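The values are calculated or read from the model by the stated rules, or taken from the named source; none is laboratory data. Keep in mind that what you see is a predicted model, and the values were worked out from it rather than measured. Glycine also receives a Cβ, built like all others from the backbone with ideal geometry; neighbour counts cover every protein chain displayed. Ligands, DNA and RNA are stripped out before the accessible areas are found, and what is left, the full protein with its side chains, is counted by its heavy atoms. Shrake-Rupley method; radii C 1.70, N 1.55, O 1.52, S 1.80 Å.
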Amino acid sequence: MDVRWLEDYLALVELRNFTRAAEFRNVSQAAFSRRIQSLEQWLGTALVVKGAVPVRLTDAGEQFRESARIAVERLFEARSSIRAAQFDVMSQVRIAMPNVLARSEFKRVLDIIGQNANCSFSVIVGTTNDVVARYLAGDADILFAHDCVAIPTHDNLDQHERLVVRRDRFMPYATQDAKLREGFGFPGKAKHPFPMVAYSHRAYFVRLFEHVLERAGAPLPHKVCVQCDMSDVLKEVIVAGHGVGWLPESAVDAPAKELIAPIGGPEWRLDVDICAFRPRAQLGPKIEAIWQALATRVPQLQNGEA
């Protein structure tokens with residue numbers, strides 16, 4: 001039995017859609033379906049109701065759900081424990097962070113923890129989903145990611161220590177060109193939807209955007225003109241004047257602030273946190289010292305201390 005089958009099954013249980021679960025697991029839908037079938041054959045029973053949309057679990061599937069979660073967690077905990085026991089004092093500290101934070105926050109993180117740390121750093125970057133998955137798999141010691149109390153980055157992160165590094169805001173931006181800006185007609189009308197620069201449906205920021213819509217309780221007629229899961233790409237499209245798009249404020253650097261600006265009222269904005277995560281288990285003196293430096297230094301910076 002392949003542990004990937006269990007991870008695939010848990011992704012399917014969470015997303016309730018074969019296509020989205022396959023994309024999340026970064027495999028083709030055909031390969032993903034074969035893995036689920038292999039797991040069912042190994043168990044000797046069906047786990048999902050055939051043809052049900054959204055995906056619905058059989059009684060056996062519901063029964064197996066918790067067992068699969070516990071099995072995966074224990075395997076990864078065992079691997080992390082073994083790696084921690086073999087931790088070399090001269091090894092690199094592994095940090096995972098999404099591309100959007102690697103560009104805006106990594107230097108700031110180094111300023112906090114790197115000056116007195118007698119170590120080097122290995123940085124894992126990618127989409128939010130990718131780096132969170134690698135961190136939970138034990139490939140990183142500390143994770144930096146956006147997080148929102150209303151829309152957590154990942155449910156399993158609740159079992160890890162969480163430290164708010166600083167506040168951020170997720171809000172719509174548009175070019176500062178007055179003519180183009182007025183022409184967008186944000187937040188749009190039924191007969192004249194505004195052009196939207198959007199995240200692809202597997203991106204974490206899509207969930208934040210959907211929460212903004214639900215919270216606002218108002219229509220937002222729009223037509224997607226560009227779709228991508230990279231904030232930097234979307235920012236360049238917004239700068240070029242192709243439409244309105246949501247970005248974390250931290251992603252808008254000084255040059256971009258001269259070209260784009262927030263648009264719309266506060267109902268379209270969402271406060272989020274930039275957080276650091278680490279396992280609750282002891283990870284060795286080097287990681288413990290770095291986490292302590294974060295825990296001590298971050299409140300000072302938030303209070304404006306030098």
Quiz prompt | Cα gyration tensor, the stretch 64-221 - rounded (a/c under 1.5), prolate or oblate | solution = oblate
Quiz item: How big is Rg to Rh over the stretch 242-302, alpha-carbon atoms, Rh as the Kirkwood inverse-mean-distance radius?
Solution: 1.15
Quiz item: When the C-alpha atoms of the stretch 96-165 are aligned to their principal axes, what extent does each axis show, in angstrom, from largest down?
Solution: 34, 22, 22
Self-check item: Top positive-direction residue, dipole computed over the chain with Cβ charges, set LEU294, LEU39, VAL165
Solution: LEU39
Quiz item: Using only Cα atoms, what Kirkwood radius does the stretch 1-93 have, in angstroms?
Solution: 14.4 Å
Exercise. Tell me which residues come under 5 Å, amide H to amide H, from GLY245 once H is placed; ignore anything under 5 positions away on its chain.
Key: TYR173, VAL197
Self-check item: When the stretch 200-262 is reduced to its Cα atoms, the Kirkwood hydrodynamic radius in Å
Solution: 12.7 Å
Quiz item: Taking amide H positions as placed 1.01 Å from N in the peptide plane, with prolines and chain starts having none, which residues 5 or more places from ARG169, or on another chain, fall under 5 Å of its amide H?
Solution: GLU249, SER250, VAL272
Quiz prompt | Surface share of carbon and sulfur [accessible, 1.4 angstrom probe, percent] for the stretch 1-69 | solution = 48 percent
Self-check item: Accessible area of THR45 in the full protein assembly, 1.4 Å probe (Å², nearest 10)
Solution: 60 Å²
Quiz item: What is the magnitude of the charge dipole of the stretch 193-239 about its Cα centre, with +1 placed on the Cβ of each Lys and Arg, -1 on the Cβ of each Asp and Glu, and no other charges, expressed in debye to the nearest 20?
Solution: 100 debye
Practice problem: Treat the chain as a sphere of radius equal to its Kirkwood radius over Cα pairs and apply Stokes-Einstein at 10 °C in a medium of 1.306 mPa s; give the translational diffusion coefficient in µm²/s, rounded to a whole number. | Solution: 74 µm²/s
Quiz item: What translational diffusion coefficient, in µm²/s and rounded to a whole number, does the Stokes-Einstein relation yield for the stretch 205-306 at 20 °C and a viscosity of 1.002 mPa s, taking the hydrodynamic radius as the Kirkwood radius over Cα pairs?
Solution: 126 µm²/s
Practice problem: Hydropathy first: keep DSSP H helices in the chain averaging at least -1.0 on Kyte-Doolittle, then drop any whose Cα extent along the axis falls short of 20 Å, and list what survives. | Solution: 29-43, 59-85, 285-302
Quiz item: Comparing GLN176, GLN227, GLN37, which has the greatest mean-square fluctuation in the GNM of the chain with Cα pairs linked when under 10 Å apart?
Solution: GLN37
Practice problem: With a 1.4 Å probe and every protein chain left in place, work out the accessible area per residue of the chain in Å², rounded to a whole number. | Solution: 51 Å²
Practice problem: Could you list which residues have their amide H under 5 Å from that of VAL93, counting only those 5 or more apart in sequence or on another chain, with H placed in the peptide plane? | Solution: SER120, PHE121, SER122
Quiz item: So which of LYS223/LYS257; LYS107/LYS235; LYS50/LYS223; LYS107/LYS286 end up more than 23 Å apart, counting from Cα to Cα?
Solution: LYS223/LYS257; LYS50/LYS223
Exercise. Provide, as a two-decimal number, the C-alpha radius of gyration of the stretch 158-233 over 2.2 N^0.38 Å, N being how many residues it has.
Key: 1.32
Quiz prompt | Size of electric dipole in the chain: Cβ of Lys, Arg +1 and of Asp, Glu -1, about Cα centre, debye, nearest 20 | solution = 460 debye
Self-check item: Compactness of the stretch 139-279, expressed as Rg and Dmax over alpha-carbon positions, Å
Solution: 15.7, 50
